[in-house]
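S.K.: Sharing a structure with you now.
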Amino acid sequence: MRVTPLRIAMWSGPRNISTALMRAWENRNDCVVWDEPLYGYYLQATGLPHPGAAEVIEAQGTDVDAIIERCTGAIPGGKQIFYQKHMTLHLLPEIERDWLSEMVNCFLIREPEAVITSYAAVRSDATLEDIGFIQQAELFDQVRAMTGEIPLVIDSREFLLDPATMLQAICTKLDIEFGPEMLSWPKGPRDSDGVWAKYWYDSVCNSTGFAPYREQKYTLSDKDKQIALHARPSYEILYQHRLRY
């Protein structure tokens, strides 16, 4: 049964197709998006030296109660769909979870080797906590227990093999109409992009649609191999529940 209005929380780790997917949803006339609502709180709480951290904290704010109220409140602009791009690592343990029951929680996954390789191009010395796999599996279990249902899981590799079919399948699962406008968007930055876009979003800002999937071989350091090894079980837990078409 369709949830109206529809508030989608798409939970991903970094260096996935999360921003491109946000572009797809923003291209719908009935949808408004919010880019990583909890990023400012996360940076202030952890003190991590992410690129532009002070600017992100100022722009996103750190009042977690106010952020959650906005996530679950009236949808801006009178739209019917509120698409929120979230990072699982931003949902720190001290943040309560009750508000998730008011969201349609979905999970976007990518192989850990690919995530680590892409992440290192912007920020070196990644840790297991930085890439969000453990947090994603824990949150998946929490949402499943809360709702009594298996949340929607999207594997980025399989998505990119056939974006049109996958987007249609996602819309069917959410009981909304698919629109072909979700497959392409104008090149360039968006006002909805977080202030960190200049550090992380070069490829998306230069895109007009989803890039075709290309098989790659990843060369990881011994340290990164260990991180990938520890992340993979969490990835596999969600992968077995991925959306198939």
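S.K.: Checking Phe178 against (1) at pLDDT 95 or above; (2) among the aromatic types (Phe, Trp, Tyr); (3) assigned to a helix (DSSP H, G or I): exactly one of these is not met. Which one?
M.R.: (3)
S.K.: For Lys223, all conditions in the list (1) at pLDDT 95 or above; (2) over 17 Å from Ile109 (Cα atoms); (3) of a type outside the set (Asp, Glu) hold save one; what is the number of the exception?
M.R.: Unmet condition: (1).
S.K.: Moving on. Quick check: is even one residue across region 17-38 of a type in the set (A, V, I, L, M) and without any contact (Cβ under 8 Å) to a residue 24 or more places away in the chain?
M.R.: Looking for residues that are of a type in the set (A, V, I, L, M) and without any contact (Cβ under 8 Å) to a residue 24 or more places away in the chain, one finds none in region 17-38, hence no.
S.K.: Among the residues of region 169-189, write down those that are out of contact with any strand residue (DSSP E or B) (no Cβ under 8 Å at 6 or more places or on another chain), surrounded by 15 or more Cβ atoms within 10 Å (Cβ to Cβ) and in contact (Cβ under 8 Å) with a residue 60 or more places away in the chain. Spell out how you get there, then give the answer.
M.R.: Residues of region 169-189 out of contact with any strand residue (DSSP E or B) (no Cβ under 8 Å at 6 or more places or on another chain): 169, 171-172, 175, 177-182, 186-189.
Within this subset, residues satisfying the condition of being surrounded by 15 or more Cβ atoms within 10 Å (Cβ to Cβ) are 169, 171, 178-179, 182.
Hits for region 169-189 are Ala169, Gly179, Met182.
S.K.: Let me ask you something else. What do you reckon, is Ser192 outside any helix (DSSP H, G or I), in contact (Cβ under 8 Å) with a residue 40 or more places away in the chain and under 27 Å from Glu113 (Cβ atoms)?
M.R.: no
S.K.: Consider Ser203 carefully, then state whether it is of a type in the set (S, T, N, Q), surrounded by 15 or more Cβ atoms within 10 Å (Cβ to Cβ) and either at pLDDT below 95 or assigned to a loop (DSSP other than H, G, I, E, B) (or both).
M.R.: no
S.K.: Something else now. Regarding Ala145, is this residue at pLDDT 95 or above, exposed (fewer than 15 other Cβ atoms within 10 Å of the Cβ) and at negative phi?
M.R.: Answer is yes for this residue.
S.K.: Working only within region 83-94, note down all residues that are in contact with a strand residue (DSSP E or B) (Cβ under 6 Å, 6 or more places away or on another chain) and either part of a helix (DSSP H, G or I) or at pLDDT below 95 (or both). Before you say what the answer is, go through the steps one by one.
M.R.: As a first pass, look at region 83-94 and keep what is in contact with a strand residue (DSSP E or B) (Cβ under 6 Å, 6 or more places away or on another chain): 83-86, 88.
Hit for region 83-94 is Thr88, nothing else.
S.K.: Would you say Glu69 is acidic (Asp, Glu), in a helix (DSSP H, G or I) and either touching a residue at least 12 places away in the same chain (Cβ under 8 Å) or closer than 24 Å to Lys173 by Cβ (or both)?
M.R.: On the way: acidic (Asp, Glu): yes; in a helix (DSSP H, G or I): yes; either touching a residue at least 12 places away in the same chain (Cβ under 8 Å) or closer than 24 Å to Lys173 by Cβ (or both): no.
Against the criterion (acidic (Asp, Glu), in a helix (DSSP H, G or I) and either touching a residue at least 12 places away in the same chain (Cβ under 8 Å) or closer than 24 Å to Lys173 by Cβ (or both)), Glu69 does not qualify.
S.K.: A follow-up question, please. Please tell me if Ala20 is of a type in the set (A, V, I, L, M, F, W, C), assigned to a helix (DSSP H, G or I), within 12 Å of the chain's Cα centre (by Cα) and on the phi < 0 side of the Ramachandran plot. Quick ask: steps written out before the conclusion?
M.R.: Numbers: of a type in the set (A, V, I, L, M, F, W, C): yes; assigned to a helix (DSSP H, G or I): yes; within 12 Å of the chain's Cα centre (by Cα): yes; on the phi < 0 side of the Ramachandran plot: yes.
Taking the combined requirement at face value, the residue satisfies it.
S.K.: Ok, one more. Criterion first (of a type outside the set (Ser, Thr, Tyr) and over 15 Å from the mean Cα position of the chain (by Cα)) does Gly78 satisfy it?
M.R.: yes
S.K.: Ok, one more. Would you check if there is a residue in region 90-100 being in contact with an Asp or Glu (Cβ under 9 Å, 6 or more places away or on another chain), touching a residue at least 60 places away in the same chain (Cβ under 8 Å) and closer than 25 Å to Ile134 by Cα?
M.R.: no
S.K.: Out of all the residues in region 73-82, is one or more among the hydrophobic types (A, V, I, L, M, F, W, C) and part of a helix (DSSP H, G or I)?
M.R.: Scanning region 73-82, I find no residue that is among the hydrophobic types (A, V, I, L, M, F, W, C) and part of a helix (DSSP H, G or I), so the answer is no.
S.K.: Quick one: what pairs do we get from region 134-151, first residue farther than 23 Å from His230 by Cβ, second of a type in the set (Gly, Ala, Ser) and modelled with pLDDT of 95 or more, C-beta under 6 Å, 6+ apart or different chains?
M.R.: From residues that are farther than 23 Å from His230 by Cβ, the pairs are Met146/Ser101.
S.K.: Checking Gln44 against (1) at positive phi; (2) in contact (Cβ under 8 Å) with a residue 12 or more places away in the chain, which test does it fail?
M.R.: (1)
The values are calculated or read from the model by the stated rules, or taken from the named source; none is laboratory data. The structure presented is a predicted model; accordingly, all values stated were derived computationally and were not measured. For neighbour counting, all protein chains shown are included, and Cβ atoms are generated from backbone atoms with ideal geometry for every residue, glycine included.
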